[in-house]
Amino acid sequence: MSGAVVISVIGLLFRKIEDIGKISVFLWIAVIGTMAWIIGGGFMHGNFLTPIVHMNDGLQFDHAFVAALGFASVKSVYSYLGYYNVCHLGARL
């Protein structure tokens, strides 16, 4: 399956630069639409009063808190390092 994706991407990029520009604008619109869909779903189905109700309960350092903090840290560091690697490799070309 991944091989088919690579071949299709190569096929899409093997065009005139104007066509690639149109494809990139289309994909950009798709990304913006997907982000709007996700944000809209969060607003429609979000449970915004729960943090306010439990605001004065205090901070509890239990297993769930430590696990959530660890998962968030891994995602943040991975995202930062991925962005750094892309910029670093791009500078080499």
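The values are calculated or read from the model by the stated rules, or taken from the named source; none is laboratory data. Note that the structure is predicted; figures quoted are calculated from it, not measured. No Cβ is skipped: glycine too gets one built from the backbone with ideal geometry, and neighbour counts run over all protein chains shown. The protein model used for the area step is the full one, side chains on, heavy atoms only, and it has no ligands, DNA or RNA in it. Shrake-Rupley method; radii C 1.70, N 1.55, O 1.52, S 1.80 Å.
Which of the residues belonging to the stretch 1-28 are open to solvent by 100 Å² or more (accessible area, probe 1.4 Å), assigned to a helix (DSSP H, G or I) and aliphatic (A, V, I, L, M)?
Within the stretch 1-28, Ile7, Ile10, Leu13, Ile17 meet the criteria.
Select from the stretch 36-59 the residues that are in a helix (DSSP H, G or I) and open to solvent by 100 Å² or more (accessible area, probe 1.4 Å) and list them in ascending order.
Just the residues of the stretch 36-59 that are in a helix (DSSP H, G or I), to begin with: 36-45, 50-53, 55-57.
If the condition is that a residue be in a helix (DSSP H, G or I) and open to solvent by 100 Å² or more (accessible area, probe 1.4 Å), then Trp37, Ile38, Phe43, Met44, His45, Ile52, Val53, Met55, Asn56 are the ones that fit.
So is Phe71 in a loop (DSSP other than H, G, I, E, B), at pLDDT 80 or above and either in contact with a Leu (Cβ under 6 Å, 6 or more places away or on another chain) or open to solvent by 80 Å² or more (accessible area, probe 1.4 Å) (or both) or not?
no
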